[in-house]
1. Computed over the Cα atoms of the range 36-98, what is the ratio Rg over Rh, Rh following Kirkwood?
2. Taking the Cβ of residue 77 as the center, what net charge do the other residues with Cβ under 14 Å away carry, scoring Lys and Arg +1 and Asp and Glu -1?
3. Find how much the distance from residue 77 to residue 107 grows on full extension, using 0.36 nm per residue of separation minus their present alpha carbon separation; answer in nm with one decimal.
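Just so it is clear, none of the values below were taken in a lab; they were calculated from the coordinates. Since the model is a prediction, treat every value here as computed from it, not as a measurement. When we count neighbours, we look across all protein chains shown, and the Cβ atoms used for this are built from the backbone with ideal geometry, even at glycine.
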Amino acid sequence: MCNCVLSTDRMLFSLVLSSVFAHVSGDSCMCTTVPYKGVRVNCSSQGLRTLPRLHASVTELLLQNNLLTAVSPGHLDTLTNLQLLDLSGNPFHCDCRILYLRQWLQRNQAVSVSPVCASPPELAHRPIAELTDADLPSCASDACSEWLYNAVLCSMLCFLIGLLLWCVQLARNSTFTLGIDERHTGFEAESLRSLKPKHRARVRCSFGDDMDKPLFNMDILPQILDVLHKQHNIKIKVP
């Protein structure tokens, strides 16, 4: 656990410092209060191989000269009040596991002392925050696979939308054929009426006795179908 040296006797800071560490893998980390700055945690030169879980109230975190090779994704996101982070002097191995730390350092350059890569040899002494995707080709291939998956999915979606629009256009331009023979020559509107008494009673109440007469004779059907043919591509077929 850590030995905390307090610069004030107030109980409030004592309670804060008592909750700073959930667990620490080193022998002794010094946690002190800094006037007008907050809580400083000094875990330098403790042989740490993993970062300790810290309270969000920590404002300064000194982790230089340990044995850290990577930082677990999301580990630093909880330190929302962090004003200084020193990770220098650690043997960071710059492979795909370093991507999280690289992104965090790029977002928080103002509060961090940028560490450098210790391995592999081709990236040794390179600042982690300055690494590019070209420096990590194996990780870039994973990103490329994700990009390819998104591209294929987008292409399929565009194909389905295009197919739907094509079907709509095809339906609008389709021609329908309606056959008329001698059986339809005497067809009148009276035969289209509902035979249910309640429907016939409602029609009489609404329109009077005029509804007892046919609305139209089917002699005008050819003119109606001619309009349908011109405006809606309905083709007339009369034997």
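1. When Rh is taken as the Kirkwood radius, the ratio is 0.96.
2. On the way: positive: 53, 107; negative: none.
In short, +2.
3. On the way: separation 30, 0.36 × 30 = 10.80 nm, distance 1.11 nm.
Full extension of this stretch gives 9.7 nm more.
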